[in-house]
Amino acid sequence: MSAPPRLILASTSVYRRELLGRLRLPFDTDRPGTDETPHPGEAPEALARRLAHAKAADVAARHPGAWVIGSDQVAECGGRALGKPGAHAAAIAQLASMSGQAVRFHTGLCLVRDGQPPLEAMDCTVVRFRTLDTDEIERYLQAEQPYDCAGSFKSEGLGIGLFEAIENRDPTALIGLPLIATARLLREAGFRLP
């Protein structure tokens, strides 16, 4: 039996690395050099799909023969994309804009290997936010500081208290890597999983 091909996660996200580790396959990580600027008029779902593919393709070009996983998540509120806040003031504005709203989180997933057609999947999770007051937002941000997370929260942490409901097919998608779809694509690529 030959050794399985090398697997690389095109991300330096600790969240995605922890999630992929649950599948118990050996893998490496590599930072993609992808420009994440949306194209004019690009819908949030299309942006997540394009960036997942671009990240995987960028890393795959540097690692011939390896299977590379790319993933990207774009939050959508009121028809517009929300990125990672990066700072406290932007996180306050994001959470205030999502208060009492249903927000869609589009997660694109792409598995590529040179000479093979890409394997792709999309997940959409809908998060229904409670009506949040300014003090709640401030307390949450001081406690968790989720400035590197799309939507300014961590659903796997204290951020769960900001919601009325989460509607999804895969609870890991909201954290950044839909493992149900990831496992399916890896099996299609020939990896052995339960």
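The values are calculated or read from the model by the stated rules, or taken from the named source; none is laboratory data. What you see is a predicted model; the values in this text were computed from it and never measured. Cβ placement follows ideal geometry from the backbone for every residue including glycine, while neighbour counts extend to all protein chains displayed. SASA here: full protein model, heavy atoms, side chains in, ligands and nucleic acids out. Shrake-Rupley method; radii C 1.70, N 1.55, O 1.52, S 1.80 Å.
Residue 160 passes every criterion in (1) touching a residue at least 12 places away in the same chain (Cβ under 8 Å); (2) not in a strand (DSSP E or B) apart from (1). One residue stands out among those in region 175-194 that are assigned to a loop (DSSP other than H, G, I, E, B) and of a type in the set (Gly, Ala, Ser): the one that is surrounded by the fewest Cβ atoms within 10 Å (Cβ to Cβ), which is 190. Being open to solvent by 50 Å² or more (accessible area, probe 1.4 Å), touching a residue at least 24 places away in the same chain (Cβ under 8 Å) and either of a type in the set (Gly, Ala, Ser) or within 17 Å of residue 161 (Cβ to Cβ) (or both) is the filter here; which residues of region 88-104 pass it? Residues satisfying the conditions are 92, 96, 101. Answer yes if at least one residue in region 41-53 is without any contact (Cβ under 8 Å) to a residue 60 or more places away in the chain, under 26 Å from residue 179 (Cβ atoms) and touching a Lys or Arg at 6+ places or on another chain (Cβ under 9 Å), and no otherwise. No; the residues of region 41-53 include none that is without any contact (Cβ under 8 Å) to a residue 60 or more places away in the chain, under 26 Å from residue 179 (Cβ atoms) and touching a Lys or Arg at 6+ places or on another chain (Cβ under 9 Å). Flag: residue 138 does not match the condition of being touching a helix residue (DSSP H, G or I) at 6+ places or on another chain (Cβ under 6 Å), open to solvent by 10 Å² or more (accessible area, probe 1.4 Å) and either under 21 Å from residue 180 (Cβ atoms) or outside any loop (DSSP other than H, G, I, E, B) (or both). All of (1) more than 20 Å from the chain's Cα centre (by Cα); (2) under 24 Å from residue 39 (Cα atoms) hold for residue 91 with one exception: (1). Against the definition (open to solvent by 20 Å² or more (accessible area, probe 1.4 Å), within 17 Å of the chain's Cα centre (by Cα) and modelled with pLDDT under 95), how does residue 146 come out, yes or no? Judged against the criteria, residue 146 is not a match. Looking across region 149-174, just one residue is of a type in the set (A, V, I, L, M, F, W, C), crowded, with 22+ Cβ neighbours inside 10 Å and either over 24 Å from residue 81 (Cβ atoms) or touching a Cys at 6+ places or on another chain (Cβ under 9 Å) (or both), and that is 173.
Filtered by the rule that a residue be on the phi < 0 side of the Ramachandran plot and open to solvent by 20 Å² or more (accessible area, probe 1.4 Å), region 105-131 gives 113, 114, 116, 117, 118, 119, 120, 122, 124, 128, 130, 131. Condition check: more than 17 Å from residue 123 (Cβ to Cβ), at pLDDT 95 or above, open to solvent by 40 Å² or more (accessible area, probe 1.4 Å) and among the hydroxyl-bearing types (Ser, Thr, Tyr). Does residue 12 satisfy that? No: the conditions fail for residue 12.
Any idea which of 161, 190, 157 is out of contact with any Leu (no Cβ under 7 Å at 6 or more places or on another chain) and within 19 Å of residue 23 (Cβ to Cβ)?
Details: 161 fails: within 19 Å of residue 23 (Cβ to Cβ); 157 fails: within 19 Å of residue 23 (Cβ to Cβ).
Answer to the check: 190.
A single entry from 61, 66, 43 fulfils the requirement of being within 19 Å of residue 113 (Cα to Cα) and open to solvent by 30 Å² or more (accessible area, probe 1.4 Å): 61.
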